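Rule-based calculations on the coordinates, nothing more; no lab input. Please read all numbers here as calculations on a predicted model, not as lab measurements. Neighbour counts are summed over all protein chains in view; Cβ atoms, including those assigned to glycine, are modelled from backbone coordinates with ideal geometry.
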Amino acid sequence: MKVIKIEEMGFQLQVKNPFIVCFHHKDLFPKGNGKMEPAYYLESRRIGEDFDHNAPWRMYFGDTVPGFPVHPHRGFETITVVTEGFVDHFDSKGSKGRYGQGDVQWMTAGAGIQHSEMFPILSETEDNPMELFQIWLNLPRKDKFATPAYKMLWNEQIPVVEEKDANGHISNIKVIAGNYKNIQSPDPLPASWAYNRGNHVNIWLITMQPEAEFTIPKVSPTLNRMLYLYEGREMDLEGQQLTVNHCAELNGNEDIVLKNGTTESRLLLLEGEPIRESVATYGPFVMNTRNEIEQAIADYEATHFGGWQWYSPGPVNESGDGRFADYENGKQVEKP
């Protein structure tokens, strides 16, 4: 069976091991007010916990700037794929930055880190649409206490492979992790399950022209594979209909043929070999046992994973700042 099941997507996407969760944020933020805040707020928002999925945009846990103020993580990795808009990052190791418009941040939480992710409203003359996926990739037991770190995969560094089908229709495959036809992604951080290419972790963004045909190649009989159609209308998936905002669990040991419909389609592919260990989760912590979760909570309460040196729980960079990463209080500064 090539298509195991098809189901509707929500804000939190269905995933398979080695992934823990995946969130899809799509917000049509209005113009800014000059302070990187929305020019107005929606009456329906719940300050501090705004997840109204029927609203055109959300504040999430932000008060004046939308986003996620300071919070901890331990035991896994966050991979933040920003297709549109910008994210301001600050963390407890003294790092900060701004990324977006195709950039990807790869962060190994490891032994424990605090960070904030705010969504600055930069344009004061036009609306500020934003879309991102945040993917949580588990760490194996031996790497749960890796030194926390992050690296930027700037949009300009991520390979995009163009495929043309027999009729000349084009599909583009953006290889964030893994490889496609020997075109390799940038390396993730060394502790990552994806660092060993034999674990077959592939994260691709696929864009298909109308009526394009594309084949996802088989990998292994043990591979877990999920495909998400997040923009477009519908397509043929091995004889079954896949409609927008639906996902499919697929056989990882089969070639999977996609035949697009009459509109451009955008898809996310997540696949990888499972980490064959027990999983215990509690909020922002992912460990192997309940006792380890309790220890993570105790460690965070005792150390705050390095504390918080920034001026607010949800800081933002200067409005005129471009895309950049400043690691550990200026030890290394990079731009795309």
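Spread over its residues, the convex hull of the C-alpha atoms of the chain is 139 Å³ per residue.
For the pair segment 254-268 / segment 26-66, the C-alpha centres are spaced 33 Å from each other. Give the residues of segment 289-321 whose amide nitrogen is closer than 18 Å to a point set 7 Å from the Cα of residue 63 in the direction of its Cβ. Under 18 Å, as judged by backbone N against the label point of residue 63, lie 308-317 of segment 289-321.
Per-residue extension of 0.36 nm, minus the Cα-Cα distance of residue 302 and residue 53, leaves a gain of 86.1 nm for this segment. Note down the net charge around residue 42, summing +1 for each Lys or Arg and -1 for each Asp or Glu among other residues with Cβ under 9 Å from its Cβ. Once all neighbours under 9 Å are counted, the net charge is -1. Label-to-label distance for residue 31 and residue 294 is 5.6 nm, based on points extended 7 Å past Cα in the beta-carbon direction.
In a fully extended conformation the segment linking residue 161 and residue 21 would gain 47.7 nm over its present Cα-Cα distance, using 0.36 nm per residue.
Of all DSSP bridge pairs formed entirely within segment 52-105, close to 90 percent run antiparallel.
Taken over the Cα atoms of segment 129-181, the convex hull encloses 158 Å³ per residue. Counting only DSSP H runs of at least 4 residues, each contributing -39500 (n - 2.57), and dividing by the residue count of the chain, the helix-based mean residue ellipticity at 222 nm comes to -1500 deg cm²/dmol.
Taking 41 Å as R0, compute the FRET efficiency from the Cβ-Cβ separation of residue 319 and residue 46 and round it to 0.05.
Approximately 0.95, to the nearest 0.05.
A straight chain from residue 126 to residue 312 at 0.36 nm per residue would run longer than the Cα-Cα distance by 64.2 nm.
Given the options 186, 125, 113, identify the residue whose Cα lies farthest towards the positive end of the charge dipole of segment 91-242 (+1 on Cβ of Lys, Arg; -1 on Cβ of Asp, Glu). The one lying farthest along the dipole's positive direction is 113.
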